[in-house]
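Step one of this worksheet: look at the structure below.
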Amino acid sequence: MAGPLVTPERPLVLGIDPGLRVCGWGVVLGGAKPSFVAGGVIRPRQRDTLPQRLLSLHDEMTRIVAEHGPSELAIEDPFIGALAPASALAIGQARAVALLVAAQAGIEAALYAPAAVKAAVSGYGASDKRQVQSMVRLLLGLDADPEPADAADALAVALCHLGQRRTRAMAAASR
């Protein structure tokens, strides 16, 4: 089965919601009406050492990139000051793995703050997880809210990236 037709106007974006316990991912095909391609979560084994968990994330993200062939990658980049130090460190490590995977694959990566992601999909930067899930369902024409919430968040990151990309293209065209 052939994959989706990817062009500069219809990029295939892999969104990542980084985490060491649960890392969400979602693939969205851009265009006039973005469409869902795939999504899920990576759950490294909790009993593994930190290096083993990072390797698990790396291996799974590399597999996802190889399977879906995204042309761009978008990563949620939380405001570290809003997190407990241990949480900030864990998210930062998972984010670094995603950036490494993008670099290894030669894919451009973009980082987005959680409030920007929420505002892009729901119009409100402080939306809760259920609101984000519902809006992702509506924007992608899904039959049900994406589950778990981490996968929905990753799809929201991809949608945010597509929206930002569209805005930059419109601004460039108006010059």
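The residues on offer are D128, D150, D77, and the sole one that is at negative phi, at pLDDT below 95 and touching a strand residue (DSSP E or B) at 6+ places or on another chain (Cβ under 8 Å) is D77.
Of the residues V117, V132, V157, V136, which is touching a Cys at 6+ places or on another chain (Cβ under 8 Å), surrounded by 15 or more Cβ atoms within 10 Å (Cβ to Cβ) and in contact (Cβ under 8 Å) with a residue 12 or more places away in the chain? Even if it seems obvious, please write down each step before you answer.
Details: V132 fails: touching a Cys at 6+ places or on another chain (Cβ under 8 Å); V157 fails: touching a Cys at 6+ places or on another chain (Cβ under 8 Å); V136 fails: touching a Cys at 6+ places or on another chain (Cβ under 8 Å).
After applying the criteria, what remains is V117.
Against the test of being surrounded by 12 or more Cβ atoms within 10 Å (Cβ to Cβ) and of a type in the set (G, A, S), the options A171, A149, A144 yield a single qualifying residue, A149. Take the conditions (1) out of contact with any Pro (no Cβ under 9 Å at 6 or more places or on another chain); (2) surrounded by 16 or more Cβ atoms within 10 Å (Cβ to Cβ); I91 misses just one of them, which is (1). All conditions in (1) over 20 Å from P44 (Cβ atoms); (2) modelled with pLDDT of 95 or more; (3) not in a helix (DSSP H, G or I) hold for L159, with the sole exception of (3). A single entry from S122, S127 fulfils the requirement of being within 17 Å of D77 (Cα to Cα), polar (S, T, N, Q) and surrounded by 15 or more Cβ atoms within 10 Å (Cβ to Cβ): S127. In segment 53-68, is there at least one residue being within 15 Å of L155 (Cα to Cα), out of contact with any strand residue (DSSP E or B) (no Cβ under 9 Å at 6 or more places or on another chain), surrounded by fewer than 20 Cβ atoms within 10 Å (Cβ to Cβ) and touching a residue at least 12 places away in the same chain (Cβ under 8 Å)? Within segment 53-68, not a single residue is within 15 Å of L155 (Cα to Cα), out of contact with any strand residue (DSSP E or B) (no Cβ under 9 Å at 6 or more places or on another chain), surrounded by fewer than 20 Cβ atoms within 10 Å (Cβ to Cβ) and touching a residue at least 12 places away in the same chain (Cβ under 8 Å). Scanning segment 1-49 for residues that are farther than 19 Å from D143 by Cβ, exposed (fewer than 13 other Cβ atoms within 10 Å of the Cβ) and touching a residue at least 60 places away in the same chain (Cβ under 8 Å) gives a single hit, G3.
The values are calculated or read from the model by the stated rules, or taken from the named source; none is laboratory data. What you are looking at is a predicted structure, and each value in this text was computed from that prediction instead of being measured. Cβ: placed from backbone, ideal geometry, glycine included. Neighbour counts: every protein chain shown.
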